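The values are calculated or read from the model by the stated rules, or taken from the named source; none is laboratory data. The structure displayed is predicted, hence computed values, not measured ones. With ideal geometry, Cβ positions are generated from the backbone for all residues, glycine too; neighbour counts draw on all protein chains shown.
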Amino acid sequence: MPQPTKFTQGLTLKRHIEATLGSGNIREAVQLPPGEDLNEWLAVNTVDFYNAISVLFGTLEEFCTIKSCPVMSAGPKVMPFEP
């Protein structure tokens with residue numbers, strides 16, 4: 001049997017992420033799959049998170065400017081977190 005490449009390992013991890021994220025079980029979604037390398041798991045999730053944030057930012061950047069959105073708000077029922 002051929003050795004898995006970095007690409008196929010990453011693809012396997014990505015499929016696992018997609019399968020578990022929609023499950024509603026956050027513990028299962030973020031748990032390191034058995035037999036996987038922690039660094040590879042973190043890298044795949046970090047890249048996916050970055051890509052998702054980039055898409056969100058790109059969408060907001062097009063419509064929300066300092067002039068049209070002077071205050072960032074999620075609505076009156078959401079309290080901002082300030083450390």
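Reported count of residues in the stretch 21-36, each being touching a residue at least 12 places away in the same chain (Cβ under 8 Å) and either acidic (Asp, Glu) or loosely packed, with under 10 Cβ neighbours inside 10 Å (or both), is 1.
Being touching a helix residue (DSSP H, G or I) at 6+ places or on another chain (Cβ under 8 Å) and surrounded by 10 or more Cβ atoms within 10 Å (Cβ to Cβ) is a property that holds for ASN45.
How about the stretch 1-70: which helices (runs of 4 or more DSSP H) wholly inside it have at least 2 residues that are over 14 Å from the mean Cα position of the chain (by Cα) and at pLDDT 80 or above? So that I can check it myself, show each step before the final result.
On the way: elements: 6-21, 26-30, 38-63.
Here the list reads 38-63.
The residue of the stretch 48-83 that is nearest to GLU28 (Cα to Cα), among those that are surrounded by 10 or more Cβ atoms within 10 Å (Cβ to Cβ) and of a type in the set (Gly, Ala, Ser), is ALA52.
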